[in-house]
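Only the coordinates and a few stated rules stand behind these numbers; no lab work does. All values derive from a computational prediction rather than experimental measurement. Please note: Cβ atoms are built from the backbone with ideal geometry, for glycine as well, and neighbour counts cover all protein chains shown.
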Amino acid sequence: MRRSIALVVVLVLCVALLAGCNTGKEETTSTTDSKAATKTLVMGTNATFPPYEYVDDNGTIIGIDAEIAKAVCDKLGYELQIKDMEFDSLIPAVQAGSIDFAMAGMTVTDERKESVDFTDSYATGVQVVIVKEDSAIKTVDDLKDKKIGVQSGTTGDIYCTDDYGQENVNQYANGALAVAALVNGQVDCVVIDNEPAKAYVAANTGLKILETEYVTEDYAAAISKDNNALLTEFNGALKELIADGTVKTIVDKYIKADA
Ligand code: ARG
């Protein structure tokens with residue numbers, strides 16, 4: 001009996017010793033071997049923005065941005081991990097380094113450029129106005145004194161707040177909620193990017209997009225100002241993927257040319 005206790009003690013000690021050795025070994029291995037191991041790039045997005053990023057029936061984030069990011073990472077030999085977050089949090093997350101880049105149908109603006117670097121642009125967007133089919137709002141000029149719904153922190157939010165005053169702008173966590181508010185009559189219109197606008201109008205009855213466009217903009221990925229190496233790598237890969245038609249194929253897969 002006493003001998004078996006001793007045996008157990010010895011065994012436990014051995015295991016502990018081995019575990020200790022192992023951890024130490026693992027740490028050194030991972031630092032010296034880091035070049036051989038595939039590195040992961042974490043992309044932040046806000047997956048409420050079809051067809052650029054949205055969650056499919058299996059809970060996977062898909063869309064133009066996810067596929068372009070995957071193609072860029074494949075080319076550069078990185079694993080891609082996608083993190084879904086509030087649109088508002090993306091630039092702070094890039095700055096804090098909790099994500100390596102943000103790709104979210106994000107418009108390049110001078111103000112954002114003060115906080116992050118942008119890659120070359122891979123797509124364009126247009127801010128459009130969604131209204132109810134029988135709305136009195138006919139053009140952008142009719143927006144004055146109307147209640148406007150926007151996704152918080154987006155360029156639609158920023159432009160409308162500047163042009164029509166904060167008191168006329170209702171911010172929502174995502175475009176779908178802004179559109180729900182329009183359907184419920186809490187706002188008179190929604191200002192949002194044209195492609196998600198089409199998806200939202202298709203998903204709801206009684207809505208339409210005004211013919212007049214509000215603002216045209218460029219989409220790009222945002223990278224930390226402290227990570228110039230990644231910016232250069234990303235742009236290199238993106239350039240090749242644009243040149244060989246990969247980016248266009250991805251875009252065309254999600255956006256069917258208007259009939
Ligand atoms: N293009 C607009 C902006 O940059 C809206 C982007 C919203 N993107 C999203 N994934 N929810 O402000």
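Is the shape of segment 80-150 best called rounded, prolate or oblate, per the rule: a/c under 1.5 gives rounded, else a/b larger than b/c gives prolate, else oblate, with a ≥ b ≥ c the square roots of the Cα gyration tensor eigenvalues?
prolate
For segment 44-105, which trypsin sites (Lys or Arg not before Pro) are in a loop by DSSP, counting at most 14 other Cβ atoms within 10 Å?
Details: sites: 70, 75, 83; in loops: none.
Sites meeting the loop and neighbour criteria: none at all.
Need one word for segment 160-259: rounded, prolate or oblate. Basis is the Cα gyration tensor (sqrt eigenvalues a ≥ b ≥ c); a/c below 1.5 gives rounded, then a/b vs b/c decides. Don't skip to the end; give the middle numbers.
Numbers: a/c = 2.79, a/b = 1.60, b/c = 1.74.
Since a/c reaches 1.5 but b/c is at least a/b, the shape of segment 160-259 is classed as oblate.
For residue 126 and residue 75, what is the calculated FRET efficiency with R₀ set at 25 Å and r taken between the beta-carbons, to the nearest 0.05?
Working: r = 29 Å, r/R0 = 1.16.
With a Förster radius of 25 Å, E is 0.30.
Using 0.36 nm per residue, how much length does the chain from residue 56 to residue 183 gain when fully extended, once their Cα-Cα distance is taken away? Intermediate results must be reported in sequence, preceding the final value.
Working: separation 127, 0.36 × 127 = 45.72 nm, distance 2.36 nm.
Full extension of this stretch gives 43.4 nm more.
What is the extension gain from residue 167 to residue 98, computed as 0.36 nm multiplied by their sequence separation minus the C-alpha to C-alpha distance, in nm to one decimal?
Details: separation 69, 0.36 × 69 = 24.84 nm, distance 3.36 nm.
This chain segment gains 21.5 nm when fully extended.
What do you get for trypsin sites (Lys or Arg not before Pro) in segment 167-259 restricted to DSSP loop and a cutoff of at most 11 other Cβ within 10 Å of the site's Cβ?
Numbers: sites: 198, 208, 225, 239, 248, 253, 256; in loops: 225, 256.
Sites meeting the loop and neighbour criteria: 256.
Once each part is reduced to its C-alpha centroid, what is the distance from segment 215-259 to segment 73-115 in angstrom?
Rounded to whole Å, the Cα centres lie 13 Å apart.
At a Förster radius of 25 Å, what calculated FRET efficiency corresponds to the Cβ-Cβ distance of residue 141 and residue 256, to the nearest 0.05? The partial results should precede the final answer.
Details: r = 31 Å, r/R0 = 1.22.
Once rounded, the FRET efficiency stands at 0.25.
For segment 73-177, which GluC sites (Glu not before Pro) are in a loop by DSSP, counting at most 11 other Cβ atoms within 10 Å?
Working: sites: 79, 86, 111, 114, 133, 167; in loops: 86, 114, 133.
Qualifying residues, ordered by number: 114, 133.
Where Lys and Arg each count +1 and Asp and Glu each count -1, what net charge lies around residue 206 among other residues with Cβ under 13 Å from its Cβ?
Values: positive: 132, 208; negative: 133, 134.
Net local charge, residue 206 excluded: 0.
Along Cα→Cβ, 7 Å out, is where each label goes; now give me the distance between the ones at residue 113 and residue 39 in nm to one decimal.
The two pseudo-label positions are separated by 2.7 nm.
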